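Each reported figure results from applying straightforward, stated rules to the coordinates on display, with no laboratory input. Everything quoted here is computed from the prediction, not taken from an experiment. Quick reminder, even Gly has a Cβ in these numbers, built from the backbone with ideal geometry, and neighbours come from all protein chains shown.
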Amino acid sequence: MKPIVSLTSTVCVAVVLTIALACPAADRVVIAYRKGVPQADFAAGRIVKALERSNRKCVTIDPSKSPKTADIAIIIGVDDVKLARGFPGKVTVDEAIRPQGFRIARSGASICILARDACGAMYGGLDLAEQIGFRIPLDKIPDKLSAPAIGRRGIKFNIPLDARTPSYDDTGDAAQKNIVEMWNFEFWREFLDELAICRYNTLTLWNPHPFPSIVKCPDYPNTALADVCIPTIKPSYKSRSWREPQYVSPKVLANLKVVRKMTIDRKIAFWRRVLKHASDRGIDVYWITWNVMVNSAEGKYGLTNAQDNPKTIAYIRQCVRQTVLTYPRLKGIGVTAGEGMRNRKDKYDREKWLWEAYGMGVIDAKVRKPDRKVRFIHRVWNSGMDKIMTDFASRYPDSFEVGFKYARARLYSSTKPPFVKGLLAEMKTHKVKGWWNLRNDDIFNFRWGDPDYVREFLTNLPPAKLTAGYHMGSDGYVWGREHTSTEPEKPRQLEIRKHWYNFMLWGRLGYDPKLDRAFFEQVLSSRLPQAPSGDLYDAWQAASKIIPQVNRFHWRNWDFMWSVEICSDQRKGFHTVEDFIKCETMQGSGLVNIRDYVERIAKKQPIEGVSPLDVADRLYAHAASAAKAVATIRAKTPKATKELQRTLSDIEAMSLLGRYYASKIRGAVALQTFRVAKDQAARTRAVKHLTIAAAHWKRYARIASGLYNPQLLARTRRTDWAAIQIDVDKDMDIARK
């Protein structure tokens, strides 16, 4: 095994944790590590907490003291490997350890964690802390070599900075309730810590025009915004109630309330602090914008949203330059040739515009800071690959990648969405990698968790030679603090804490897809020890199969077209049994829609694919399995913790939602059969199934409403499940008539 410590061109980190395995549990544990390396500080802190929960007292010392006095030592840096020589065995960092990776290995009577870099060291420390938390005896902790399967694992965070610098669509309650939280450092500390624990290393912040809230432009001083404002007027679900998404509404600008007093200099200091904490947790941060929007700057200095306004181009170019110069820890910038741009054949063409504004903005910054590297993500949206690569990428001086809506707006549908196939051929031609935008515009309320689904989805992503990374998040929701719980914590939980299992799955399985059921049962047992972990795993997974199955069958591409938790969209509202009869299934899903199925049955033709009744049977089976497991858990844990109670209620709610959709699909098939075959018995069956569906919805609404207060979703409508019952009941009338 060749020691990496001899390679002077490589930055190496050796993390050596030595534990006196023979010590009684009550003995004091001495941890030696060099303080001031943030990733090591964080990992050591997690190890201390895990040991203290196991009734071990801990104390930390400087590694300059003899390592023989320490039970645990973290040694960082090539030179510091020498400090580990007091431990039994040989301490080296071997070539098998990859960036972000680590090795856990025994060295005599010690446990060593070895890594190439600080991020890998942190992940190794977190891994050991987790195993201690699982109550695995120290002398039973196995040797382990870990490395990330996907190098960049990220979160898409639509960030509502201010009523004057909104995110994509801030008409929802999630955005309005979280504007002030975006300026709370404790929120970001907790959020970034959780991302690191889940093994995310990328955070993409999405905002059409964030610059007035984060930088000062010398030639446009009056565009910088002091204070943090929210609107005093309430939005409605109606499309364009506050102008088009992405834009600031004049109605909003006329009705503002200051919720935090801050100068622009304090804002800059705030975001520098946030970016430093992200860096301390091994997390790269990007700003990603839509275009053309100048929002609160509109009307100042001749600035408009017009694509052919040279003043706007010059302004955004300076915004980009100042952002790069102001935030040296910012990893990169991304752009969208959005709905605010038009196809042109002149110098204001989309790609020419983006180059002059964003590309030249980065170039300007690099003139002042030649060593500054700025990674660029160009979304493939309303712009073709050839033009992107010819007019922009060919001129860009640093790393360049494209971004794509991998599953459109339906992350929870299929583990192998078909939409990227055409793009992959073009990417191969241009030798460019892609960031896969994993859009969850499906599940906002209920705790979801299906490890097999996530593992299969991430394993099916394009190969490493075409994948730069992925970022998972929503366009119609802000994953800040939860704001709807009927029994909230004080302060309210972060969404990432409430939905801890979901976020964990998309991060941990991106790092290590080999994590299996046994591991996740250990996780559940550690987090919710009252519950039988096997039953909880089964219940959660069964219930979590329901929404993807419904979405594959009742396919709607984009966020405003469908919200499965409320059976509604933004423009039409509730989706009736008629809508289920008319709707297509997901491309490539192998599911047969209701119209084709009934027609083939009427013509006595074979059914090629999964029938609607098979879909209904699957939904009912998942629901029944989840409900049975929940009943078992409740019987075994009569005094469940609040978190377990609400988790089980979420699972029960999803189970009832599955029963509702199963009965609705059966009713839709029967109704269409009546219409095609003029079979009165089929109409009777339709009414029966839809009556059963209404009863399931009533139970679903009672549980959901007991857990969550209604909220307005930005891209659809209000989650008032009890009020929706009126629309649910009308399906029976449709069948009768």
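Rounding to the nearest 20 debye, state how big the charge dipole of the chain is about its Cα centre with +1 on each Lys and Arg Cβ and -1 on each Asp and Glu Cβ.
260
Which percentage, to the nearest 5, of the DSSP beta bridges contained in the range 153-515 is antiparallel?
Beta bridges within the range 153-515, antiparallel portion: roughly 15 percent.
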Order of 284, 579 - criterion: other Cβ atoms within 10 Å of each residue's Cβ, fewest first = 579, 284
note = quick note, the chain, DSSP beta bridge pairs, % antiparallel (nearest 5) is 35
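Can you pull out the GluC sites (Glu not before Pro) in the range 535-594 that DSSP calls coil and that have at most 16 other Cβ atoms within 10 Å?
Those that pass, being in a loop and sparsely packed, are 584.
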query = Expressed as a whole percent, how much of the Cα-Cα distance distribution for the range 126-176 exceeds 13 Å?
reply = 72
Partners for residue 144 among lysines (Cα-Cα distance below 20 Å; same-chain residues under 8 apart left out) = 2, 90, 514
Separation in nanometres of the label points that stand 7 Å from Cα toward Cβ, at residue 425 and residue 189 = 5.3
request  = Using only Cα positions of the range 153-515, each an equal point scatterer, no hydration layer, compute I(q)/I(0) via Debye at q = 0.09, 0.13 Å⁻¹ and quote the log10 values to two decimals.
outcome  = -0.47, -1.06
remark   = Here the alpha-carbon Rg of the chain over 2.2 N^0.38 Å rounds to 1.01
ask   = Taking N as the number of residues in the range 186-240, what value does Rg over Cα atoms divided by 2.2 N^0.38 Å take?
value = 1.64
message = Taking the Kirkwood radius as the inverse of the mean 1/r across Cα pairs, report the Rg/Rh of the range 619-664.
response = 1.04
task = For the range 171-305, just run the numbers: alpha carbon Rg, then divide by 2.2 N^0.38 Å, N being how many residues it has.
result = 1.12
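Suppose a student asked you for the relative contact order of the range 153-515, using Cα pairs under 8 Å spaced at least 6 residues apart; what percent would you report?
Reported relative contact order: 19 percent.
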key: Backbone N under 20 Å from the residue 460 label point (7 Å along Cα→Cβ), restricted to the range 509-527   = 509-517
